[in-house]
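Written out below as structure tokens is the structure these notes cover.
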Amino acid sequence: MADYLDGNVLAAKSFARFGVTHMFGVVGIPVTGLANRAVQLGIRFIAFHNEQSAGYAASAYGYLTGRPGLLLTVSGPGCVHGLAGLSNAMINTWPMVMISGSSDQKDSGRGDFQELDQIEAVKPFSKFSVKAKDIKEIPDCVARVLDHAVSGRPGGCYLDLPTDVLHQMITESEAEKLLTEVEKGRVFEATKAPPSSVIAKAVSVLRKAERPLIVFGKGAAYARAEGELKKLVERTGIPFLPTPMGKGLVNDDHELAASAARSLVIGKCDVALVVGARLNWLLHFGESPKWDKDVKFILVDVSEEEIKLRKPHLGLVGDAKKVLEMLNKEIKDDPFCLGKSHPWVEAISKKVKDNVSKMEAQLAKDVVPFNFLTPMRIIRDAILGVGSPAPVVVSEGANTMDVGRSVLVQTEPRTRLDAGTWGTMGVGLGYCIAAAVANPERLVVAVEGDSGFGFSAMEVE
């Protein structure tokens, strides 16, 4: 007799076959079997107390590894709780897949246990969603959600697995045939890069600038662009400003770091090369009065839609690492560098020194009972004392996060996780667990405000 397997096994086999190594979630009817089969096939399942924190973990895992973070939830309320993580992944443009069990298809509309039209529910929060309506569709559906999550601009995707599909059976040989066919049919998107003529234009604009600035964000971090970014900064002598989660791509202590003179550089620069960061609220929409009304933006983004939305002086559609590589090559052929005595560099350097001196004077005071600065200094010094590999710092809570952004020093890429583009509170413990899983060689330090910690404190267990 032929050996048979059910939808739980086939789904688990699909994930394992297509490269999944970790899964976050909360098990229960109807997905306990799927989680068990995944564990048997070598996928590590990290169980949480709440789907919300598990979803935040899955989203951060996607950012830190470049592979989709997986969230497994039960049907109905489990799916709804998981939407927090899915939406967080979409807004931050991190690759993530939420897989939810759902009620039996034949009982749809009859008030089945935890019944919900989950495909409809996830629409505002996902870039792609699909329901496996038959066991034979499972491998293809799994491949599609995994591939959509990382293609183009990364984001959250959703896979719906009905109870009846998880209990359907097929032969092992048929399952293997389906998996092989899907595996062979997967097509991976080539790395995007702009034409060389546009690169030459961008370099020309930078070369002619009197007060240029390089701004970079977590999109550059996701693209692993730190090597090319540092090369560009040091080759041109252009000061740089990271967004909060861009910190560490180039060492915060670098002589061209302009974070401590943020208002000056944003208000006075005449050309801003923005790499992997959106001109949204975090960067004051790129508009006056924060920015000079005549500033020329050169925007590097993997999404053509983003560039069309922002209408920069020049748009470079492509992978951040690849674009920076092309810019560096173009500059190498006809080099230019501002130098330490350049009036713009000197003005920034002076402002940075003044502001850092004021901050250090405040940090030097031992205030008891604690204010925000005294513990931040202690934490900063302890983290710097660890050396390399530098710890991952998870920073959460309004005041805690804001003060920490100024005081805590990032020396290596992807070592700061915070509330991000959406300003989400409650991400802390989920992010910590994701960071520990994604970077087992690094210490993970959570710097939490009391209220932020309260959202997910039980996940400490």
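The values are calculated or read from the model by the stated rules, or taken from the named source; none is laboratory data. The shown structure was predicted, so the numbers you read here are calculated from the model rather than taken from an experiment. Reconstructed Cβ throughout: ideal geometry from the backbone, glycine too, with neighbour counts over all protein chains shown. With ligands, DNA and RNA removed, areas are computed over all heavy atoms of the protein, side chains included. Shrake-Rupley method; radii C 1.70, N 1.55, O 1.52, S 1.80 Å.
Are there any strands (runs of 3 or more DSSP E) wholly within the stretch 124-242 with 1 or more residues that are touching a Pro at 6+ places or on another chain (Cβ under 9 Å), and if so which?
Details: elements: 128-131, 156-162, 169-171, 212-216, 240-242.
Result: 128-131, 156-162, 212-216.
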Would you please name the residue that is surrounded by the fewest Cβ atoms within 10 Å (Cβ to Cβ), looking only at residues in the stretch 407-426 that are touching a residue at least 60 places away in the same chain (Cβ under 8 Å) and not in a loop (DSSP other than H, G, I, E, B)?
-> 416
If residue 359 satisfies every condition in (1) aliphatic (A, V, I, L, M); (2) under 27 Å from residue 428 (Cα atoms); (3) in contact with a Gly (Cβ under 9 Å, 6 or more places away or on another chain) but one, which is the exception?
-> (3)
Could you list, in sequence order, the residues of the stretch 278-295 that are open to solvent by 40 Å² or more (accessible area, probe 1.4 Å) and not in a helix (DSSP H, G or I)?
-> 278, 287, 288, 289, 290, 292, 293, 294
Give just the number: which of (1) closer than 13 Å to residue 199 by Cα; (2) more than 32 Å from the chain's Cα centre (by Cα); (3) among the polar types (S, T, N, Q) does residue 328 not satisfy?
-> (2)
Of the residues in the stretch 234-261, those that are open to solvent by 40 Å² or more (accessible area, probe 1.4 Å), touching a residue at least 24 places away in the same chain (Cβ under 8 Å) and not polar (S, T, N, Q) come to 235, 253, 255
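Pick from 273, 264: which is under 20 Å from residue 236 (Cβ atoms), touching a helix residue (DSSP H, G or I) at 6+ places or on another chain (Cβ under 7 Å) and crowded, with 22+ Cβ neighbours inside 10 Å?
Values: 264 fails: crowded, with 22+ Cβ neighbours inside 10 Å.
The conditions single out 273.
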If we scan the stretch 374-382, do we find a residue that is β-branched (Val, Ile, Thr), within 17 Å of residue 252 (Cα to Cα), outside the structural domain of residue 276 (by the TED database) and crowded, with 18+ Cβ neighbours inside 10 Å?
-> no
Selection from the stretch 102-130 of residues that are touching a Leu at 6+ places or on another chain (Cβ under 8 Å) and either open to solvent by 30 Å² or more (accessible area, probe 1.4 Å) or not hydroxyl-bearing (Ser, Thr, Tyr) (or both) = 121, 122, 125, 129, 130
Taking the stretch 427-452 and keeping residues surrounded by 20 or more Cβ atoms within 10 Å (Cβ to Cβ) and assigned to a helix (DSSP H, G or I) leaves 428, 429, 430, 431, 432, 433, 434, 435, 437, 438, 452
